[in-house]
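The values are calculated or read from the model by the stated rules, or taken from the named source; none is laboratory data. Just so it is clear, the structure is predicted and the values come from calculations on it, not from any experiment. So basically every Cβ, Gly included, is an ideal-geometry build from the backbone, and we count neighbours across all protein chains shown. In case anyone asks, the SASA skips ligands and DNA or RNA and just uses the protein heavy atoms, side chains included. Shrake-Rupley method; radii C 1.70, N 1.55, O 1.52, S 1.80 Å.
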Amino acid sequence: MNQFSDKQLKENLEKTLKQNNHSKEIWVFAYGALMWAPCFEPEVTLTSTLKGWARKPCLWTLTARGSKQKPGIVFALEKAQRNSCHGLIFRIAQSRLETDLLNLWRREMSVGLYKPTWLPVEAGTKKIMALCFVVNRHHKLFIKCVSKQPEVRESNWSKIRIFLIRSVTRFGLAEKASWLTALKLIYSQFREKS
C-alpha cells in the first residue's frame, strides 16, 4: 500500500486547516487508540460526545492488528444519524501546533484510510469544532458490512479482542453495547469457521 510523502501530508493538512479558517485553537477528537496513545502531549483533555456518528468495525488493517496474511479489523467513525460516539478531545498547544499536527497526520493519514473532517463535538455544555478522522469509504480497505466478510475468520482475533476490551473497560464508553455486539459478532464468525 502506498504511503503519502511528507509533502503530500503537509498539503492535505494545509487544505484541512483552511476548511476551519486556520483557527488558532485546534481540538482533535479521539475515539480509539488515539485516546490512550496520542502522538502529542495535549494541552487540555476533555471527555466528549460526537452526535450523528458511530465507532464501527469497518476497516481492514494489514499492520496494527493484522498482516497481509491475516488482516485485522479497525474501528473508524461512520455517519450514523441516531447514534453518538463518546471519546476525548485534545487541544493542541499553540507553541507545538505545526509539529504536533504533522506528527498526527503522519500517524492517521499516511495511507488515506480517513478523511479529516471538522465536526461539532459536545464537551459538557460546550460545543467545540474538532478535527475528526472519519472513515474514507472509498479506500480499498473499507469494509461495507463486516458480518458479510468471509475473511473475518482469518483476522488476528486475539489482537482485535484485546483492543476492544481495552477500549470498553479503560474508558467506560457509553456505547459499550455496540462494542460488545461487534466483539460477539467477530467471535461467533471465528467459532463457526474454525
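Just need a number here: residues in region 89-124 that are free of Cβ contacts under 8 Å to residues at least 60 places away in the same chain, of a type outside the set (Phe, Trp, Tyr) and within 14 Å of residue 34 (Cβ to Cβ).
1
Restricting the search to region 104-122, which residues are open to solvent by 20 Å² or more (accessible area, probe 1.4 Å), among the β-branched types (Val, Ile, Thr) and within 20 Å of residue 86 (Cα to Cα)?
Listed by number, the list holds a single entry, 117.
For region 32-68, name all the residues that are free of Cβ contacts under 8 Å to residues at least 40 places away in the same chain and over 17 Å from the mean Cα position of the chain (by Cα).
Within region 32-68, just 68 meets the criteria.
Please indicate, with yes or no, whether at least one residue in region 19-31 is open to solvent by 10 Å² or more (accessible area, probe 1.4 Å), over 16 Å from the mean Cα position of the chain (by Cα), of a type outside the set (Asp, Glu) and modelled with pLDDT of 90 or more. Please lay out each step first, then the result.
If we filter region 19-31 for residues that are open to solvent by 10 Å² or more (accessible area, probe 1.4 Å), which is where we start, we get 19-25, 27, 31.
Among the residues that remain, those that are also over 16 Å from the mean Cα position of the chain (by Cα) are: 19-25.
Narrowing the set further to residues that are of a type outside the set (Asp, Glu) leaves 19-24.
Those left that are additionally modelled with pLDDT of 90 or more: 19.
Within region 19-31 (the criterion being open to solvent by 10 Å² or more (accessible area, probe 1.4 Å), over 16 Å from the mean Cα position of the chain (by Cα), of a type outside the set (Asp, Glu) and modelled with pLDDT of 90 or more), the answer is yes, since at least one residue qualifies.
Determine whether region 39-52 contains at least one residue that is modelled with pLDDT of 85 or more, buried (at least 16 other Cβ atoms within 10 Å of the Cβ) and farther than 19 Å from residue 122 by Cα.
yes
If you scan region 90-101, which residues turn out to be surrounded by 17 or more Cβ atoms within 10 Å (Cβ to Cβ) and either of a type outside the set (Val, Ile, Thr) or over 25 Å from residue 4 (Cβ atoms) (or both)? Walk me through it before giving the result.
Taking region 90-101 as the starting set, the residues that turn out to be surrounded by 17 or more Cβ atoms within 10 Å (Cβ to Cβ) are 90, 92, 100-101.
Once the filter is applied, which keeps residues that are surrounded by 17 or more Cβ atoms within 10 Å (Cβ to Cβ) and either of a type outside the set (Val, Ile, Thr) or over 25 Å from residue 4 (Cβ atoms) (or both), region 90-101 yields 90, 100, 101.
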